[in-house]
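Each remark here refers to the structure printed beneath this line.
No lab work stands behind these numbers, since they all come straight from the coordinates. For clarity, every value in this text was computed on a predicted model and none was experimentally measured. Quick reminder, even Gly has a Cβ in these numbers, built from the backbone with ideal geometry, and neighbours come from all protein chains shown.
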């Protein structure tokens, strides 16, 4: 076990280079095994715990591949197994996408119930119902999900809630289906578009509109060479870090096109964002303005990012509000922030932050991925030493995070406990 120790307050300066986006990389890795020929994926965050877990799953299923730096070379996409143990499935929620892949490739699947961040009631019934509409027979047991199909058939599927991984699962399966599939109320966020672009390079026929996806099934997939999009969530995290410290940093090779909602809120809070020469320049203000965030489907700020904005709001003089319409259970971080002296309360699906008070170092715990990152941001302005436990959660989604922070001048180190 390891923890982070951060000595604050910190000043930031310099340049940071983003990794590939985890939430684009994971579904694209799964989709790569739809190909009938070799595939190379570049720009992968191969040091992430979740990426390693997913690759271990495919290794257990008989795949042949090798990792070279940030590239993944898949020499043989044939999977010898169609069953996945509960132990492996529990390690990562994206094991759910094996349902669409294996139903399409093998006509049968059996996987353990998937794991991931503990965020309350994250059901996957939308995945199962969508696959059923494509003709699959799906049964959910207490500890497993099993399915079979003779042939997937295109259908019109309207999702009651815009779900990212549910959209991806149905889209992947629909590529194998006979005929045409429409996914209505799809969550057409950048990672979903990246997956569609990748599948299209393999020969899929996918067209993405705003909240609607059209897919024509194909009989086979070629190989390909594809580069994963940059991690926009990592960019927002470092922007918030510069914003809370009133610092100036450069984010290499990134623009605002994938974060319109986040950029709008950040600018309203007083953070200056400039695009120039293919890079993004960030300048934090001397005094932050209150933030009023309501999460929602893209291009609105994703529920996943609300802890980051709550941390930033701690130094905005006045009252800020964070409302989460999708996952009201995501407010577990509130208790950890209060340990650091933050004036924050939570009720229902809302948190209220009275910003501007001096935070102090404390021993806290990364309850999930984004909670951990937000605690790092808060620690940057806290007086004294902050110790963040359970950094496994952070390392699931941020590649070489402590090293990148050190490169910006942050006094952070990872220590064994």
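Using Cα atoms only, what is the angle between the long axis of helix 22-32 and the major principal axis of the chain, expressed in degrees (0 to 90) to the nearest 10? The answer is roughly 10 degrees. The Cα center of region 256-292 and the Cα center of region 298-331 differ in position by 16 Å.
If you sort the three axes of the alpha carbon gyration tensor as a ≥ b ≥ c, you get a/c of 1.5 or more for region 1-86 and a/b above b/c, which makes it prolate. Taking the number of Cβ atoms within 10 Å of each Cβ as an exposure proxy, the fewest-first ranking of 350, 371 is 350, 371. Working ranking of peptides 351-357, 171-177 by packing, defined as the average number of other Cβ atoms within 10 Å per residue, highest first, is 171-177, 351-357.
Take the Cα of residue 209, go 7 Å toward its beta carbon, and the backbone nitrogen atoms of region 299-319 under 18 Å from that spot belong to 299. Summed over qualifying helices (DSSP H, 4 residues or more, each -39500 (n - 2.57)) and divided by its residue number, the chain shows a 222 nm mean residue ellipticity of -9000 deg cm²/dmol. Taking every alpha-carbon pair under 8 Å whose residues sit at least 6 apart, the chain reaches a relative contact order of 21 percent. Helix 232-245 and the longest principal axis of the C-alpha atoms of the chain enclose an angle of approximately 0°. Just one of (i) 23.7; (ii) 21.9; (iii) 26.9 is Kirkwood radius over Cα pairs in Å as worked out from the coordinates here. Which one is it? Computing Kirkwood radius over Cα pairs in Å and matching it to (i) 23.7; (ii) 21.9; (iii) 26.9 gives (ii).
The C-alpha atoms of the chain define a longest principal axis, and helix 164-176 lies at about 20 degrees to it. DSSP beta bridges fully contained in region 22-227 are about 75 percent antiparallel. Of 232, 82, the sequence from fewest to most neighbouring Cβ atoms within 10 angstrom is 82, 232.
Using 1/(1 + (r/R0)^6) with R0 = 41 angstrom and r between the beta carbons of residue 252 and residue 338, what's the FRET efficiency to the nearest 0.05?
Efficiency at R0 = 41 Å is approximately 0.70.
The mean sequence distance of close C-alpha pairs (under 8 Å, at least 6 residues apart), as a share of the length of region 265-322, puts its relative contact order at 33 percent. Full extension of the chain segment joining residue 85 with residue 143 gains 19.9 nm, where the gain is 0.36 nm per residue of separation less the Cα-Cα distance. I need the shape label for region 140-250. Rule: rounded when a/c is under 1.5, else prolate if a/b > b/c, else oblate, with a, b, c from the alpha carbon gyration tensor. Since a/c reaches 1.5 and a/b is larger than b/c, the shape of region 140-250 is classed as prolate. Look at the alpha carbon pairs under 8 Å that are at least 6 residues apart: their mean separation over the length of region 22-227 gives a relative contact order of 21 percent. Of 292, 127, 66, the sequence from fewest to most neighbouring Cβ atoms within 10 angstrom is 66, 292, 127.
Using a ≥ b ≥ c from the Cα gyration tensor of region 22-227 (square roots of the eigenvalues), is it rounded, prolate or oblate, where a/c under 1.5 gives rounded and otherwise the larger of a/b and b/c decides, a/b for prolate? Note, shape of region 22-227 comes out rounded. Of interest is the spacing of the C-alpha centroids, which for region 391-417 and region 192-244 amounts to 27 Å.
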